[in-house]
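Following: one structure in structure tokens, then a few remarks.
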Amino acid sequence: MRTLYSWRTRAETYATVPMLALVLLQGAAVVDTATPGYRTAATAKADLMLFIVVPLCAACAAWEGARHRIGRIDTLTIARRSWQVALIAVAPTLVMGLLGIAAAVAATAPAAAGAPGLPDPWLIAVYLLVLAGHTIVGYGLGRWLSPALALPISLAGSYVWLAYPAAIEPFWIRHLNGLSFEGCCAIDQSPSPRALLATALFAVALGAGVLIALAGTRRMRAGGAATLAVLLVVAATVALPLGPSAGAPRTGAVRCDGSRPVLCLWPEQEGSRSLIHAALTSAYARLVDVGMPLPAVVTTKDAETPDAIFVVLAARPQRRGVVLSLVASAVPDTVPDCATRGEWPGANNRGALMVWMALAAGVPTSDLGDVAPPEFIDLASRVRQLTNEQQLAWYHANLAPLKDCSVQPQLDPSAFQDGAG
Amino acid sequence: MIWWWRTRALTAVSIAFLASLVAGMVVGGEVLPLPSMAGSLLVPVVFALLLPLVPIILLWYGVDRSSGDLDATAVRAMAARDLSVAATMMLATAATVGVTSAAGWWDLGPGYLRNLIGCLGLAQIVAPLTGSRFAAIAPVAAVIISALFGTGNGGLVRWWAWPIADARAHLAFIEALLLMVLGGAVALCGVGRTRRRRLLPPPPPREGKRSHSGHLGPVSHEKL
């Protein structure tokens, strides 16, 4: 392809391969930290590699902008419009960034190997917008500042802006730079549309503001500044209600099937349905024997329904994990208001109740060694030697202190034995 | 002196230096979580370690603004003066850090000083290779590369990653000092070169051999 400048003198020619190597290295280092078996989470983890791709693209674009500056492009009568000139100049940089983002998405894809669906297109679109925004700002800096300033400022500035908001409050600032999706998403979450929109608006604000201002006339500069300011305010307004997390409850329906219990699962968990259902059926039967009341429906979608129990499950859980998740959801996890004001005698009860329920649901004692302290396992084993009615009485007696600071725990099982008390 | 001060944008450099020093004291403890190849954990780097880059970028911008023919033919020793600016910045910082550390006001001061001298040295070392225009990219890249590759699991900082080491790490300080000494040596060679160029007359052109340089050779009017 014939270009105004030879490929030999373009920064991208030299930056692409090291960038791809860094992205793949970083991807290999972080792939294990994404929620396994969920495509959206794998794509969200690729967010972390923007740290490498985007500042490099900004610096390459600054280089190109500097060449136009040295070429005194402002003083020439050029047929094309200024934004066209800018976009043509940064097009190879954007291609390099596109390759980098593709490599990032590919590098984290193994986290979701075998999962249904495709990488989240909205996330990728937002990554591309962030890339384009920083690249155009880099080009603008190259046009407006001396190369000795533009190159280090675009590299360091882009890097710092991507890094710093994660460390500051208020939280909404974190959703402007595009790096907030990195910690998203559990299997029942998807990226918050609000966070996606805020990031996209911010990136568009940067890009559009600079492209308009590049026209160079006083009116266009003012127009660029005004566009930037207005879109920044809109982006901040959109982000304002957001908390620290960029995840929102996942839309879409879970598929419900089976009986005792009815099991509702996300598509990613369908492959493990038989394992999950078998584990739950066995646990349900044992807990019902003891006399524990359990809802008829087990769901992995967090919904406020009284006749269903919400459990947190991985895409491909182990049998033990399924039962422990059920137990963790069945024992109420609430902190009473009184706990914030004074002493809460029942603070440790939940752990003991969960260990007891896990044993009652059929988890062997040997499987609990790495998730529970030995004294709880010992205590719960002694409770399990009581009759079913006594165990249930022990459970209810120790459930009450979880919600009320004035009720004392009665963890010692000997108090519930026949003839005691 | 006035011309030198102006061409080097030393007013801007001085303001940037003072501002970064003050910012280092006031908000130097703010944490910047940088990504690392060690995993998804971000490496917390404090601003005090990054702020020295600001005056260094401006310093090299000033040098780049005016280096070239004017400097090469200047009567005064420009390279020596440029070096004295860096030396002044280092001494002023060392004095400030000495006083504030002794008084217990600025714990991160030694880190700021270390990164200032290390980054100044690094920029001086690469300047003959990259030219003054791109000299300041080297310290910026050094910080980014140190953050990316310089930490192991558990937050361990590798021996060579001096820009992100603990503010009071001895080895990192020695490394930065070494870079400063090397950078100073490179710059002094530059000073010597410009002085020789200034003091010695240019070598006479050899008889009977045409100059390879089109500009210095006889100019044909037909070509113009």
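What follows is calculated from the coordinates using simple rules that are stated; it is not laboratory data. Source: prediction; values computed, not measured. Positions of Cβ are backbone-derived with ideal geometry, glycine not excepted, and every protein chain shown enters the neighbour counts.
Counting only other chains, and only Cβ atoms inside 10 Å, what mean value do you get across the residues of A:150-159?
5
A simple rule links phi to the HN-Hα coupling: the Karplus curve 6.51 cos²θ - 1.76 cosθ + 1.60 with θ = phi - 60°, which for segment B:101-111 gives 5, 4, 7, x, 8, 9, 5, 8, x, x, x Hz, with x for Gly and Pro.
Using C-alpha pairs under 8 Å with a sequence gap of at least 6, the mean separation divided by the residue count of segment A:252-319 gives a relative contact order of 34 percent.
Per DSSP H run of at least 4 residues, take -39500 (n - 2.57); add these up for the protein assembly as shown, divide by its residues and hand me the 222 nm value, nearest 500 deg cm²/dmol.
Using -39500 (n - 2.57) per qualifying helix, the result is -19000 deg cm²/dmol.
Dipole orientation for segment B:1-157: of the candidates B:VAL22, B:GLY62, B:ALA123, B:GLY62 has the Cα lying most toward the positive pole (charges on Cβ; Lys, Arg +1; Asp, Glu -1).
Counts of other chain beta carbons within 10 angstrom of each beta carbon in peptide A:176-182 average 1. A simple charge model with +1 on the Cβ of Lys and Arg, -1 on the Cβ of Asp and Glu and nothing else charged puts the dipole of chain A at about 2540 debye relative to its Cα centre.
Once both labels are modelled 7 Å past Cα along the beta-carbon direction, what's the B:ALA185-A:ARG316 spacing in nm? Result: 5.7 nm between the two label points. Put simply, the amide H of B:VAL46, placed in the peptide plane, has neighbours under 5 Å in B:LEU32, leaving out anything fewer than 5 places away on its chain.
Short-range pairs are left out: with C-alpha atoms under 8 Å and at least six residues apart, the relative contact order of segment A:7-249 is 26 percent.
What's the FRET efficiency of A:THR387 with A:THR251 using the Cβ-Cβ distance as r and R₀ = 41 Å, to the nearest 0.05? Please list the in-between numbers first.
Numbers: r = 47 Å, r/R0 = 1.15.
E(calc), rounded to 0.05, equals 0.30.
Report note on the peptides A:184-191, A:252-259: ranked by the mean count of other C-beta atoms within 10 Å, highest first, their order is A:184-191, A:252-259. Among beta bridges identified by DSSP and lying wholly in chain A, the antiparallel ones come to about 50 percent.
A simple rule links phi to the HN-Hα coupling: the Karplus curve 6.51 cos²θ - 1.76 cosθ + 1.60 with θ = phi - 60°, which for segment A:126-134 gives 5, 4, 5, 5, 4, 4, 5, x, 5 Hz, with x for Gly and Pro. If you take all other residues with their beta carbon under 13 Å from the beta carbon of A:TRP144, and give Lys and Arg +1 and Asp and Glu -1, the sum is +2. For segment A:7-249, the orientation-averaged shadow of the C-alpha convex hull comes to 13.1 nm² (one quarter of the hull surface). Each part reduced to its alpha carbon centroid, segment A:281-316 and segment A:55-119 end up 50 Å apart. With a Förster radius of 41 Å applied to the beta-carbon distance between A:ARG221 and A:ARG8, the computed FRET efficiency rounds to 0.75.
D by Stokes-Einstein for the protein assembly as shown, Kirkwood Rh over Cα pairs, 10 °C, 1.306 mPa s: 54 µm²/s.
Lys and Arg at +1, Asp and Glu at -1: add these up for the other residues within a Cβ distance under 12 Å of A:THR40 and post the number.
For residues surrounding A:THR40, the net value is -1.
This model, with +1 at the C-beta of Lys and Arg and -1 at the C-beta of Asp and Glu, gives segment A:331-421 a dipole about its Cα centre of some 100 debye.
Could you pull out every residue, at least 5 positions away or on a different chain, whose amide H is within less than 5 Å of the one on A:GLN189? Hs are placed 1.01 Å off N in the peptide plane, and Pro or chain starts have none. Those lying under 5 Å, H to H, from A:GLN189 are A:ARG250. Among the residues of B:30-36, the average count of other protein chain beta-carbon atoms within 10 Å of the residue beta-carbon is 6.
Residue-wise HN-Hα couplings along segment B:48-56, as the Karplus relation 6.51 cos²θ - 1.76 cosθ + 1.60 with θ = phi - 60° gives them from phi, are 4, 7, 9, 4, x, 5, 4, x, 5 Hz; Gly and Pro carry x. Per the Debye formula on identical point scatterers at the alpha carbon atoms of segment A:331-421, with no solvent, log10 I(q)/I(0) at q = 0.13, 0.16, 0.17, 0.24 Å⁻¹ is -0.43, -0.64, -0.71, -1.20. Determine the shape class of segment A:252-319: with a ≥ b ≥ c the square roots of the Cα gyration tensor eigenvalues, call it rounded for a/c under 1.5, and otherwise prolate if a/b is greater than b/c, oblate otherwise. Note, shape of segment A:252-319 comes out oblate.
Taken along the Cα-to-beta-carbon direction at a fixed 7 Å, the label points for A:ARG273 and A:ALA415 span 4.6 nm.
A simple packing score, the average count of other Cβ atoms within 10 Å per residue, orders the peptides A:280-293, A:262-275, A:97-110, B:115-128 as B:115-128, A:97-110, A:262-275, A:280-293, with the highest score first.
If you plug the beta carbon distance of B:ALA23 and B:LEU91 into 1/(1 + (r/R0)^6) with R0 = 25 Å, you get a FRET efficiency near 0.80. Remark on A:ILE309: its backbone amide H falls under 5 Å from those of A:VAL297, A:VAL298, A:THR299, a criterion applied only to residues 5 or more positions apart or on other chains, H modelled at 1.01 Å from N. Other residues within the sphere of radius under 15 Å centred on the Cβ of B:SER146, judged by their own Cβ, net out at 0 (K and R +1, D and E -1).
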